[in-house]
Structure formats: C-alpha cells, structure tokens
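Below: one structure, written as structure tokens.
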Amino acid sequence: MTTLSARSRFDAIGIALSVLCLIHCLALPLIATGALAWAASERVHVGLTIALAVVVLAVALPGYRRHRQPVVPLLLVSGLALLVGAVVLGEGIGEQGETILTILGSLALVAGHVLNLRLPHAHA
C-alpha cells in the first residue's frame, strides 16, 4: 500500500507537471522561435502527457479509496482525456483548439490533485 507521503509526492508531481503543461501551452507562441524552439516541439507535449498519465494512474484509484469522493478521479481522468485529445487531434482542431483543450485539461488535473491532497479519509 502506498503511504500518504508517497501519494502526496505523486500529487505534487502531478500539480507541477500540469502547471508546466499549462505554461508550455501558453508560452508556445513566445518560444516557438530562437534558442528555445525545441520547447515548442510536439514531443514535449506528448512527453508531458505521458508523464501525467503515469501520475494519474498512480493516484486516482488510491485517492478515491482513501476519501471516497468521485469528483477527484473524475477531474483527473477528464483532465487527462482533454490532454490526450489535444495531442491526438492536434492539427485537426487547429492551434486554438489544441490550446483550449490543453488549458482545460491542465486546470482539471491541478484541481483533481489539489482535492486529492486536501480531502480527509472517508469513515467506513
């Protein structure tokens, strides 16, 4: 069984990655040229999404078992689905559509991880 401190670390990592994804998305027009052009690569977006998927898988079910609040896994899975949608649909929905999905997904993930950290244990 994962200890509370390990779960807290995973949620903190999830928050950090979600914020990084959000910053990456919002700053993309500014970094698309010059020395930081590598950061605009689709590989960065895919890599962040994969890392977030691992974290969501590590915290969603254990968190739900701890506090019994379905809103947490709902936020985490929905946020991840939005990010995956942004990666998969990419050019098909245009840059603006990809940005909107990424922002909404990142915000849902941050909210889910924060709630997961703050909700108390459920009483049986």
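Under the condition of being within 17 Å of Ile50 (Cα to Cα) and either at pLDDT 90 or above or not in a helix (DSSP H, G or I) (or both), the residues counted in the range 84-97 number 6. Kindly indicate whether any position in the range 60-70 is closer than 20 Å to Ile13 by Cα, under 13 Å from the mean Cα position of the chain (by Cα), among the hydrophobic types (A, V, I, L, M, F, W, C) and at pLDDT below 95. Checked against the condition, which is being closer than 20 Å to Ile13 by Cα, under 13 Å from the mean Cα position of the chain (by Cα), among the hydrophobic types (A, V, I, L, M, F, W, C) and at pLDDT below 95, the range 60-70 yields at least one hit. Please indicate, with yes or no, whether at least one residue in the range 114-123 is in a helix (DSSP H, G or I), at pLDDT 90 or above, under 17 Å from Cys21 (Cβ atoms) and of a type in the set (Val, Ile, Thr). Checking the range 114-123: at least one residue is in a helix (DSSP H, G or I), at pLDDT 90 or above, under 17 Å from Cys21 (Cβ atoms) and of a type in the set (Val, Ile, Thr).
Filtering Leu101, Leu61 for residues that are over 22 Å from Cys21 (Cα atoms) and either in a helix (DSSP H, G or I) or of a type in the set (Val, Ile, Thr) (or both) leaves a single hit, Leu61.
For the range 95-124, the tally of residues that are more than 22 Å from Ala27 (Cα to Cα), free of Cβ contacts under 8 Å to residues at least 24 places away in the same chain and surrounded by 18 or more Cβ atoms within 10 Å (Cβ to Cβ) stands at 0.
Let's see how each residue does on (1) under 19 Å from Asp11 (Cβ atoms); (2) buried (at least 17 other Cβ atoms within 10 Å of the Cβ); (3) touching a residue at least 60 places away in the same chain (Cβ under 8 Å):
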residue: Val55; (1), (2), (3): yes, yes, no
residue: Leu74; (1), (2), (3): yes, no, no
residue: Val77; (1), (2), (3): yes, no, no
residue: Leu83; (1), (2), (3): yes, yes, yes
residue: Ile93; (1), (2), (3): no, no, no
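The values are calculated or read from the model by the stated rules, or taken from the named source; none is laboratory data. Quick caveat, the model's predicted, so the values are computed rather than measured. Cβ atoms come from the backbone with ideal geometry, glycine included; neighbour counts cover every protein chain shown.
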